[in-house]
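To start, the structure under review is shown below, and the notes come after it.
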Amino acid sequence: MTEGNGHVIDPAGEARQALQTVVAAHGTQALSNPVIMDEICRDRLGALPGEAILIGSATRSDVPARLRERIGREGTYGAIQSVATTLAQTHGLDPAACLWVVREFARALGFVASGGTQPTARAGFGPVSGAGGLTDQGDAMPPAGAAPPSWPAGGVPGGGVPGGGVPGGGVPGGGVPGGGVPGGGVPAAGRAPGRSSGGWVPSRNVLGIAAAIALVAVYLGVAAAAHLSPFPAKTVASNTSQGQGNGGNVSPVGSPDPAPDPAPDPDPDPTPPSAFDTLLNMIPSSVQGSTNDCSNDGTAFGATAVAECTGLQGLAATNIIYYLFSDTSALSNGFSAFLTKSNFPASAQSCTTNNKFSDFITNCRDTYTSTSPATNGSVAEYIDKDNDPVIVSTDSRQLVMAVLIGTNDDDLLAYWQPLQWINS
């Protein structure tokens, strides 16, 4: 697709692939998470700053939520257009660029088929934000009832073929023998101009052939104009060899293609992983162990997936329970709900000493920031009903909460501090 200034958006499909990678790694909820999306844009779209700005704006406007809200009322493509219009007005962005990024979000969410080529604007039907809607490839369509672009009054310029008709006056190679028809058309009289009445007059068959050639040329010219780069028209093999159909005659125009076109997407995108699979990818192998010690524990506290890892060997923690959330709000609410369920006191002291987590402090609650890996979140320390030390903390970067249960409070804190409990 091109912006209003002619810029080609995502020419190699790198931005589209980045969105699909995010969904495969973190689930569709990541498309509403500015932290995750900013990171993927920095890592993969450094050479596409415009596309990165569009993706960041769409994430901060929560385009996925807007699409889900409007699709039921307006249909998929109506919702894409209306959300794109809102995004353009809110952030002062190019409408065509907003249409592209909203459509790519819809594709990553599974609202639009993943097959097809990169979208581009088609010539002749005006702005892509018009009332015509979208084709499956994202191209603009003329409004309902509108006629396609037409030639000026009087027929095709030049007498039947754009640019003056068939070179040479109607028939390739110089036109009709004896001078042909000048201008690419047929003169009003029944004979060739410049000849005496006794001269040669083209027969109806010859004139019919010239007219047929002109019509074919018109068709080819219009077809070429309707398939601009990077969407060249499909090449249909010419069946001109002897012995192919009809006893060796050339197949008639309009005959069906003997070999149907292949499926539009012979290599469909893989099915996105489940929320539990996404959560497992965030748990270190040292926690999962060689026998896969992490089991699916359903959902709780608003999480989309829960994994309970038990029987940990060689770690300060004996059990770690992981919770995956859809967004930062759900993560914060889940953290508070867990502490409430664990009878954590409403008023708690700070966990830090000189802004450092140097000691395990019973019933403390605080926030933390880490530079390696780069993340932040909330943390609380307490002693559970079995007299075991517990550290519960969140990772805002990956929307994960982890509950670490150990036997020795100092050892548990030493294990937690370098964030060994989560993949960076």
Kindly indicate whether any position in region 303-310 is surrounded by 20 or more Cβ atoms within 10 Å (Cβ to Cβ) and within 23 Å of residue 411 (Cβ to Cβ).
yes
Please specify each residue of region 31-49 satisfying the condition of being more than 15 Å from residue 19 (Cβ to Cβ), in a helix (DSSP H, G or I) and free of Cβ contacts under 8 Å to residues at least 60 places away in the same chain.
49
With the checklist (1) in contact with a Gly (Cβ under 8 Å, 6 or more places away or on another chain); (2) at pLDDT below 90; (3) open to solvent by 40 Å² or more (accessible area, probe 1.4 Å) in hand, flag the one item residue 348 doesn't pass.
(1)
Please go through region 356-376 and give me each residue that is touching a residue at least 40 places away in the same chain (Cβ under 8 Å) and part of a strand (DSSP E or B), ordered by number.
370, 375
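Answer yes or no as to whether residue 419 is touching a residue at least 24 places away in the same chain (Cβ under 8 Å), assigned to a helix (DSSP H, G or I) and touching a Ser or Thr at 6+ places or on another chain (Cβ under 9 Å).
It is false that residue 419 is touching a residue at least 24 places away in the same chain (Cβ under 8 Å), assigned to a helix (DSSP H, G or I) and touching a Ser or Thr at 6+ places or on another chain (Cβ under 9 Å).
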Identify, from the list 332, 336, the residue that is open to solvent by 60 Å² or more (accessible area, probe 1.4 Å) and within 27 Å of residue 414 (Cα to Cα).
332
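Hey, does region 100-108 have a residue that's of a type in the set (Phe, Trp, Tyr), out of contact with any Gly (no Cβ under 6 Å at 6 or more places or on another chain), part of a helix (DSSP H, G or I) and under 21 Å from residue 271 (Cβ atoms)?
Taking region 100-108 and keeping what is of a type in the set (Phe, Trp, Tyr), we get 100, 105.
Among the residues that remain, those that are also out of contact with any Gly (no Cβ under 6 Å at 6 or more places or on another chain) are: 100, 105.
Still in the running and part of a helix (DSSP H, G or I): 100, 105.
Remaining after also requiring under 21 Å from residue 271 (Cβ atoms): 105.
Looking through region 100-108, at least one residue is of a type in the set (Phe, Trp, Tyr), out of contact with any Gly (no Cβ under 6 Å at 6 or more places or on another chain), part of a helix (DSSP H, G or I) and under 21 Å from residue 271 (Cβ atoms).
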Take the residues in region 312-326 that are of a type outside the set (S, T, N, Q) and farther than 15 Å from residue 377 by Cα; name whichever of them is nearest to the chain's Cα centre (by Cα).
321
Which residues, taken from region 370-396, are at pLDDT 90 or above, more than 19 Å from residue 316 (Cβ to Cβ) and open to solvent by 20 Å² or more (accessible area, probe 1.4 Å)?
376, 378, 396
Does residue 277 count as open to solvent by 60 Å² or more (accessible area, probe 1.4 Å), over 27 Å from residue 33 (Cβ atoms) and not polar (S, T, N, Q)?
no
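Going by what's in this entry, would residue 318 be described as open to solvent by 40 Å² or more (accessible area, probe 1.4 Å), of a type in the set (S, T, N, Q) and at pLDDT below 90?
yes
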Among helices (runs of 4 or more DSSP H) entirely within region 262-353, at least 3 residues that are touching a strand residue (DSSP E or B) at 6+ places or on another chain (Cβ under 8 Å) and among the aliphatic types (A, V, I, L, M) occur in 275-280
Quick check, is residue 96 farther than 19 Å from residue 23 by Cα and open to solvent by less than 10 Å² (accessible area, probe 1.4 Å)?
no
Scan of region 398-416 for residues that are assigned to a loop (DSSP other than H, G, I, E, B) and either under 18 Å from residue 361 (Cα atoms) or free of Cβ contacts under 8 Å to residues at least 24 places away in the same chain (or both), ordered by number:
407, 408
Restricted to region 397-424 and to residues being over 15 Å from residue 380 (Cα atoms) and among the β-branched types (Val, Ile, Thr), the residue most open to solvent (accessible area, probe 1.4 Å) is 407
May I ask you to list the residues in region 59-93 that are of a type in the set (A, V, I, L, M, F, W, C) and either within 22 Å of residue 29 (Cβ to Cβ) or crowded, with 22+ Cβ neighbours inside 10 Å (or both)?
63, 65, 67, 71, 79, 80, 83, 84, 87
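The values are calculated or read from the model by the stated rules, or taken from the named source; none is laboratory data. Note that this is a predicted model, so its numbers are computed, not measured. Backbone-built Cβ (ideal geometry, glycine too); neighbour counts: all protein chains shown. Ligands, DNA and RNA are excluded from the accessible area calculation, which covers all protein heavy atoms including side chains. Shrake-Rupley method; radii C 1.70, N 1.55, O 1.52, S 1.80 Å.
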